[in-house]
Amino acid sequence: MVRLIVTGLIIRVSSPLEAASWSATSQRRVRQLWISSSGRVSGNLANRRRDRAVGVMQKPFTREEFTKGKSTVFSTGRWSNADLSQFQKEQTTWVVKDFSPCSPMIRRTWGRFMVKRELRALLILKGIEGIPAEPFLLDVNALCYRFQPGTTLMDTPSEKINDNFFFEFEAAVQKMHQRGMVHLDIRNQRNVLVTDQGKPVILDFQSSLRLEKTPRFLHEIMKETDFSGVYKNWYKKKPETIDDDRRARLEALNRKRSFWFIRGYPLGTRTDRRS
Ligand SMILES: Nc1ncnc2c1ncn2[C@@H]1O[C@H](COP(=O)(O)OP(=O)(O)OP(=O)(O)O)[C@@H](O)[C@H]1O
Ligand SMILES: [Mg+2]
């Protein structure tokens, strides 16, 4: 949490400078997706016309359907984390990342902020293979996206990971950077899924940042932090397939990583999950 507050401060400090550089087309694209994904219908006439023009999407399901329907919690959050549930609607399985079970103070502040923040990241990255698909807001407390059957990198033994996996993982990270986003928590093996088809999916964009919202001098180190997550896991799981160049890059990155706030959760800030 402390790390996210610090990264939040970086965003606030740099945002006036960055606003100018965010391309108008990208902004419009994300804005349109935002409107349709949040299922928001605007109050005034001009906004209603604009919403009609971009086609406000019907949410695949509502909070009421989620509450009354059959769902299974598969990840229980810590005091400031969401619960994640699997919810089946017709032929489609969804993840519901929900801050509702958190204390009111967390839910109304941190939770809402995180839900919007992760939605925005997923919208920017929409369409990239290896990124959770079809994100939308259930309500202010919960974000939904498509469930992917698989196991996290942590729970997947090396022999179940095919030789292409880490090349595809690296390619997904490259595409993410091309869209102007850094993840910053890829070293955490719980944030990477190995699907039943053997493909990588990058999860958990809560600590991700838009590059243009951060000072330029940090861009390279942040991108390299993501790559170090790929290579660290590659080296751990499939050392026989990582080449000398990538291994040397990992070693160089490990020497350079001196900013505590982009190393994943700082020591001691991980707390117990809700029971
Ligand atoms: N789209 C998905 N398909 C399948 N499983 C998923 C998906 N998204 C998340 N999960 C599972 O839920 C777990 C937690 O997801 P996520 O990291 O997004 O939440 P979190 O609140 O940050 O939890 P944590 O603090 O444990 O990282 C993942 O490690 C993974 O096992
Ligand atoms: Mg996570």
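Miscellaneous remarks
- Segment 179-223, residues that are within 11 Å of ligand 2 (Cβ to nearest atom) and of a type in the set (F, W, Y): F205
- Selection from segment 183-206 of residues that are assigned to a helix (DSSP H, G or I) and either within 9 Å of the chain's Cα centre (by Cα) or free of Cβ contacts under 8 Å to residues at least 24 places away in the same chain (or both): N191
- Matching residues, segment 78-111, being without any contact (Cβ under 8 Å) to a residue 40 or more places away in the chain and of a type in the set (D, E): E90
- Qualifying residue in segment 233-240 (condition: in a helix (DSSP H, G or I), in contact with a strand residue (DSSP E or B) (Cβ under 8 Å, 6 or more places away or on another chain) and more than 14 Å from G180 (Cα to Cα)): yes
- Among the residues of segment 207-225, those that are farther than 23 Å from L250 by Cβ and part of a helix (DSSP H, G or I) comprise E212, K213, R216.
- Qualifying residue in segment 150-164 (condition: more than 8 Å from ligand 1 (Cβ to nearest atom), within 16 Å of G127 (Cα to Cα) and assigned to a loop (DSSP other than H, G, I, E, B)): no
- Considering segment 165-208, and only residues there that are among the polar types (S, T, N, Q) and under 20 Å from G150 (Cα atoms), the residue that is farthest from ligand 1 (Cβ to nearest atom) turns out to be Q197.
Any read-out appearing in this document is the output of simple, stated calculations on the displayed coordinates, not a laboratory observation. Keep in mind that this is a model prediction, so the values were computed, not measured. Neighbour counts run over all protein chains shown; Cβ positions are idealised from the backbone, glycine included.
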